[in-house]
Amino acid sequence: MQKGEDIFKKIIAHAKEYGFIFQSSEIYDGLSAVYDYGQNGSALKNNIKDYWWKSMVQYHENIVGIDSAIFMHPTVWKASGHVDAFNDPLIDNKDSKKRYRADVLIEDHMAKLEDKINKEVEKAAKRFGETFDEKMFRETNPRVLANQEKIDNIRTRFVKALDNNDLKDVKALIEEQGIACPVSGSKNWTDVRQFNLMFSTQMGSLSEDANLIYLRPETAQGIFVNYLNVQKTGRMKIPFGIAQIGKAFRNEIVARQFIFRMREFEQMEMQYFVRPGDEKQWYEYWKEERIKWHKSLGIPDELFRFHDHDKLAHYANAAADIEFEFSFGFKELEGIHSRTDFDLGAHQKFSGKKLQYFDPETNESYVPYVVETSIGLDRMFLAILSHAYKEETLEDGSQRVVLNIPPMLAPVKAAILPLMKKDGLPEKARELMDKLKYDFMCRYEEKDAIGRRYRRQDAIGTPYCITIDHQTLEDNTVTIRERDTMQQERLHMDEVKQVVLERISYRRG
Ligand code: ATP
């Protein structure tokens, strides 16, 4: 995968040029951190959703899906802790007037120290060649050890300060570490303040406090408040899961990096209800299942890694992120959280309704524990796009931009292309189009030379181009061109559907 700031800019430009992503309300100069998906983008997004939904709901007999409302009773967010604790610590630079998340400034600083260590290791690896023992070097080299100690000290102090809500110490840490504003280079900081990320609005015509409602910042709570409805009506037995895909809203302090951090985004979440005491085992299970899911897309393994949380959220007893290496570095793509009985327990308390499960195997009633998998659909989209984008120089010296999107997720599966706009070729192509369009997304194109049409399909990631030429009129055979290898084979028109269906199938092996 190509990396760096330049390539990221190119991906953003490509996404716009080919109808994947537009800035929201662009004709009014846009709305910060809000984006619209265009004709190809919405198709890719729907395909990602479909693959996730099937992997969860269709392939697991004990997981069902729901679709809950975005608006919820305001007490839900009191019970969940979001009214009191869904905050980010923010800090402003007085010279540049730029606003930052204090935790992100500190994490970026630690990442720089980590980089220094890695450079030291790389240098030594070159110097020592084959005899290099990386583990030993990391454990004994004084410069590596000094930087590692710095990182460990910063992390311990930072976690403690956040745990104690000691914002003065967070600021002191930023000052002591000499962290400067990336824009102005100045160290002239305001105090650190907490900022609640929930958007609120009013329901009904009276603007009284009682009518204040929130736009959900996560889809999970819609699952928790419906847990008993689903368990009873679906006769679900523990362990079981409830999945949901839907919009979430967060008034992010620093919204940057395109669709990586948006103010309106979509989540795909699954809450797995388990017997208390079994949660760690299921947590490990879902960590493995989810990383397998990512790797099933054919994206190289080394672009994914786990990151265990240093600071656990108020509801969790274990948490890890699956990180993806975007062109701007490894960043969170999905979270796997062991949420204990925090949410169901809190809803039981605030609503006064019992949310227990009677376990016929143990003859006991209890509030189930929950293991959650939570992935940002837009981030998944960006991961796929970042990996897919390739600039290639072909054998004849010409250039092409191709999106190597996994074929099963590609917006268009097959382009149907008559070689020329005459001699009955368009009619023959339409005949094939009519046969295929009910089974997968096809696009018919007859304008421009065939080479240019191939390039356009490469640029939107269409895995198969099917060309109808004069030989088709004689023997009903067509060529099928594969996007990545650009190899062409000839086959009978009647075989095309089966061949494409097999190659875009979710089923592997
Ligand atoms: P981050 O640390 O990046 O803010 P988070 O830890 O707050 O993320 P979670 O609350 O665990 O995120 O949300 C689950 C998933 O939802 C994340 O892994 C991410 O993919 C997605 N997500 C969260 N916030 C956003 C956002 N502002 N824009 C797009 N996706 C998001």
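The values are calculated or read from the model by the stated rules, or taken from the named source; none is laboratory data. As the structure is a prediction and not an experimental result, all values here were calculated from the model. With ideal geometry, Cβ positions are generated from the backbone for all residues, glycine too; neighbour counts draw on all protein chains shown. Heads up: the accessible areas ignore ligands, DNA and RNA and are worked out on the full protein's heavy atoms, side chains in. Shrake-Rupley method; radii C 1.70, N 1.55, O 1.52, S 1.80 Å.
Local charge for Ile245 was computed over the other residues whose Cβ lies under 11 Å away, with Lys and Arg +1 and Asp and Glu -1, and equals -1. Is the C-alpha gyration tensor of segment 394-508 telling us rounded, prolate or oblate? Criteria: a/c under 1.5 is rounded; beyond that, a/b larger than b/c is prolate, otherwise oblate. In terms of gyration-tensor shape, oblate. Projecting label points 7 angstrom from Cα along Cα→Cβ for Ser32 and Lys168 puts them 3.0 nm apart. Counted as membrane-span-like here are DSSP H helices of the chain whose alpha-carbon atoms extend 15 Å or more along the helix's own axis and whose Kyte-Doolittle mean is -1.0 or above; these are 5-17, 102-128, 142-163, 377-388, 425-436, 493-503.
The label point for Arg193 and the one for Asp396, both projected 7 Å from the Cα toward the Cβ, are 6.2 nm apart. By the helix-only formula, in which each DSSP H run with n ≥ 4 contributes -39500 (n - 2.57) and the sum is divided by residues, the chain has a 222 nm mean residue ellipticity of -11500 deg cm²/dmol.
Mean sequence separation of contacting Cα pairs (under 8 Å, at least six apart), scaled by the length of segment 87-196, corresponds to a relative contact order of 46 percent.
Could you pull out the pairs from Lys280/Lys331; Lys135/Lys292; Lys49/Lys295; Lys10/Lys292 whose alpha carbons sit more than 26 Å apart here? In this structure, Lys135/Lys292; Lys10/Lys292 exceed 26 Å between Cα atoms. Taking the centroid of alpha carbons for each part, segment 13-68 and segment 430-475 are 25 Å apart.
Computed in the context of the full set of protein chains, the accessible area of the chain at 1.4 Å probe radius has 48% of its extent on carbon or sulfur. Lysine pair count for segment 394-508 (Cα-Cα distance under 17 Å; residues 8 or more apart in sequence or on different chains): 10.
The solvent-accessible area of Arg275, taken with every protein chain present and a 1.4 Å probe, is close to 70 Å². In plain terms, the chain from Tyr444 to Glu288 could stretch by 52.1 nm, reckoned as 0.36 nm per residue minus the Cα-Cα distance.
Calculated accessible area for segment 87-196 comes out at 62 Å² per residue, all protein chains present (probe 1.4 Å; ligands, DNA, RNA ignored). The aspartates and glutamates whose alpha-carbon is closer than 18 Å to the alpha-carbon of Lys187, local same-chain residues fewer than 8 away aside, are Asp92, Asp95, Asp103, Glu107, Asp108, Asp169, Glu175, Glu176.
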